[in-house]
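Here's the structure we're looking at; comments come further down.
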Amino acid sequence: MIEADALTRRYGKVTAVAGVSFSINNNEVVGLLGHNGAGKTTIMRMLSGYLEPTAGSVRFNGADLAEGAHDIQQQLGYLPENLPVYPDMMLADYLDYAATVKGIEKSERYPAIREALAATELAPRALDPINTLSRGLKQRVGVAQAILGRPRVLILDEPTNGLDPHQTDHMRQLIRQLARRASVILSTHIMQEVDAVCDRVLVLRNGKLVLDQSLAELRNTRTLRLRTSAGAEELPSLLRRMPQVVQLHRGHAREDWEEFTLILHDNADLDRAASNIAHCVIEAGAKLYQLQPITRDLDTVFREVSAHGN
């Protein structure tokens, strides 16, 4: 369990992060979203212990990061946006160095390095100098060092940056596998990536948290589209009298069918509402052709929240 309480970071008179609070459960994959300058990287640095907050606290399973940073950081894997690698080192040597810095016991280093190389498909390049690797492979080097030692928390800043489509797909699969044993915080500007791997999203705007919601809740607009046979004059009245319905809008209509849009109360049960709607259609003497929820994609939600703040 990760708990951030009123995290704040100031740089002189500039407030990069202002009173951000959230919690992340074990084995949860959470996307951290926001435009450039929203505070994503600053929050990730504070969560990793790389940057000290001006105010607020971070706790891992009840332990305060400020008081036990060394022990907690051994349980963390962090991929910063710009990884400080040593280009003249061979990949295997670099990972051995990273494992040593992480405090992985000498007897456990080789198995940990071998596992990280296999997970990131870098084993064939283990003896290559890092400066001979492509940008995408260097990005995978960063992920390999982050997952050394099976950390319980992974903080990944743009993990697919520079990867080709095949490598991106592999990285997404790897993140899903890692989530079986770790909590994952993922910062990215690629909405498809969030859709593919995340359970929940946190959206930042001007250093403040403006949205914390599961993807399922985000997509659900509490809106249903109904298509029936035309000519049932009593149907609109019956639908408006339903306790679950807030608004009813008449949509497209043709000679043999017509559409309605129904907006439901926030606490309405969708299954019960659908059953009541079907009953209204039958009572009005109409035929039910279609009844389905209207969903929003993540791009739309992000644009709305980034523009308006809630």
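What follows is calculated from the coordinates using simple rules that are stated; it is not laboratory data. Remember, it's a predicted structure, so these values are computed and weren't measured experimentally. Cβ atoms come from the backbone with ideal geometry, glycine included; neighbour counts cover every protein chain shown.
Starting from one equal scatterer on each C-alpha and no solvent at all, send me the Debye-based log10 I(q)/I(0) for the chain at q = 0.08, 0.12, 0.15 Å⁻¹, two decimals. These q points yield log10 I(q)/I(0) values of -0.49, -0.84, -1.11.
Ranked by the mean number of other Cβ atoms within 10 Å of their residues, highest first, the peptides 64-71, 40-47 fall in the order 40-47, 64-71. Relative to the longest principal axis of the Cα atoms of the chain, helix 135-146 runs at roughly 80 degrees. If only the Cβ of Lys and Arg carry +1 and only the Cβ of Asp and Glu carry -1, the dipole of the chain around its Cα centre is close to 300 debye. In region 219-300, the C-alpha radius of gyration followed by the widest Cα-Cα span (Dmax) gives 12.4, 40 angstrom.
Comparing Cα centroids, region 1-76 and region 171-204 end up 17 angstrom apart.
If you take the Cα atoms of region 95-138, find Rg, then find the Kirkwood Rh from the mean of 1/r over all pairs, what is Rg/Rh?
Working: Rg = 11.1 Å, Rh = 11.2 Å.
Over the Cα atoms of region 95-138, Rg/Rh equals 0.99.
The angle separating the long axis of helix 91-101 from the principal Cα axis of greatest extent in the chain is about 90 degrees. Each DSSP beta bridge with both residues in the chain is either parallel or antiparallel, and the antiparallel ones are about 70%. With the largest listed first and rounded to whole Å, the semi-axes of the equivalent ellipsoid of region 17-162 from the Cα gyration tensor are 27, 18, 13.
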